[in-house]
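Enquirer: Sharing a structure, written as structure tokens. Questions coming.
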């Protein structure tokens, strides 16, 4: 019958119209939303499993960074720890205290910089600011404080160690 | 004997339309809440609070089951 209507063979074998394949019905959309919901649930599960069973490696031991003479008041120095690619900054604050933080903004991992004289660390990407004394967020989109290291000054040398969880 | 699905199929198209829109609205709300839960769980996991990440996962799971349950009420294709 179909042959008599001049319908080509391929259309009989593959009976889908273009409109049918391109249109998304509301039923399909509802099912897709359910699929997205499942994906988000799986994502939350992965986050929970990763944080509980595969936590990040803690910094172990004491690591030499530089000599005190190498860093004037208000100065900063970038460094990485052996066996790691995470960038850190060592800051010599104006009140002669030393601080070390991860140099990645907790918002979108842009590099952060200490602004001398302000006591603040700036993330230039989205105008995020951290307190250089505590690492806490002062302003902007970062959701968490900067991860910190303990700084130990022994004579002329500056060392960092992992921070014990509170 | 009438059942839910029988009555469902006999419903006026206007009612099916409303039902479908209501389901999609609820699903969008559920997905929005799950995005927020994922964001919260991730932030807490990165701040060394995995217990909160587990709570967000459980709530997200309950919301997913609710979303699956809503699909039962989808009107049949006419």
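The numbers here are math on the coordinates, done by the rules we state, and not lab data. What you are looking at is a predicted structure, and each value in this text was computed from that prediction instead of being measured. Cβ coordinates were reconstructed from backbone atoms using ideal geometry, including for glycine residues, and neighbour counts include every protein chain displayed.
Enquirer: Please compute the Cα-Cα pair-distance distribution of the protein assembly as shown with 10 Å bins starting at 0, giving whole percents from short to long.
Expert: Reading upward from the zero bin: 7, 20, 20, 16, 13, 10, 8, 4, 2, 0.
Enquirer: While we're looking at this one, here's another question. So for the pair residue B:18, residue A:125, with labels modelled 7 Å out along Cα→Cβ, what separation do we get in nm?
Expert: Here the answer is 4.8 nm between the modelled labels.
Enquirer: Report, as an integer, the average count of C-beta atoms from other chains found within 10 Å of each Cβ along A:48-57. If you can, show how the numbers build up before the last one.
Expert: Numbers: counts 14, 5, 4, 13, 5, 1, 0, 3, 2, 0.
Neighbouring Cβ atoms belonging to other protein chains average 5 per residue here.
Enquirer: Grab the beta carbon distance between residue A:35 and residue B:7, set R0 = 30 Å, and tell me the FRET efficiency rounded to 0.05.
Expert: Values: r = 28 Å, r/R0 = 0.94.
That pair, residue A:35 with residue B:7, gives E of 0.60.
Enquirer: Given contacts defined as C-alpha pairs under 8 Å and at least six residues apart, what's the relative contact order of chain A, whole-number percent? Provide the component values of the computation, followed by the final result.
Expert: Details: 236 pairs, mean separation 29.0, N = 166.
The normalised contact order for chain A reaches 17 percent.
Enquirer: Which whole number gives the average count of other chain Cβ atoms within 10 Å of the Cβ atoms across peptide B:63-70? All intermediate terms of the calculation are to be shown ahead of the outcome.
Expert: Details: counts 4, 9, 3, 1, 10, 3, 1, 4.
The shielding value for this peptide is 4.
Enquirer: For residue B:25 paired with residue B:39, estimate the spin-label separation in nm (one decimal), with each label point 7 Å from Cα along the Cα-to-Cβ line.
Expert: Between residue B:25 and residue B:39, the label points sit 2.3 nm apart.
Enquirer: Return one number: the angle in degrees, 0 to 90 and rounded to the nearest 10, between the long axis of the Cα atoms of helix A:26-53 and the longest principal axis of the Cα atoms of chain A.
Expert: Tilt relative to chain A: about 30 degrees.
Enquirer: Among A:121-134, A:35-48, how do they line up by average Cβ neighbours within 10 Å per residue, starting with the highest?
Expert: On the way: A:121-134: 18.1, A:35-48: 19.7.
Result, highest mean first: A:35-48, A:121-134.
Enquirer: Using a 10 Å cut-off around each Cβ of peptide B:40-50, what is the average number of partner chain Cβ atoms that fall inside?
Expert: Numbers: counts 3, 7, 8, 4, 5, 9, 7, 6, 6, 1, 8.
Shielding by partners across B:40-50 averages 6.
Enquirer: Give the calculated FRET efficiency between residue A:161 and residue A:95 to the nearest 0.05, with a Förster radius of 22 Å applied to their Cβ-Cβ distance.
Expert: 0.55
Enquirer: Which residue, A:18, A:76, A:106, tops the fluctuation ranking in a GNM of chain A built on C-alpha contacts under 10 Å?
Expert: Looking only at A:18, A:76, A:106, the biggest GNM fluctuation is shown by A:18.
Enquirer: For n ≥ 4 DSSP H runs only, could you compute -39500 (n - 2.57) per run for chain A, divide by its residues and tell me the 222 nm figure to the nearest 500?
Expert: That calculation yields -7000 deg cm²/dmol at 222 nm.
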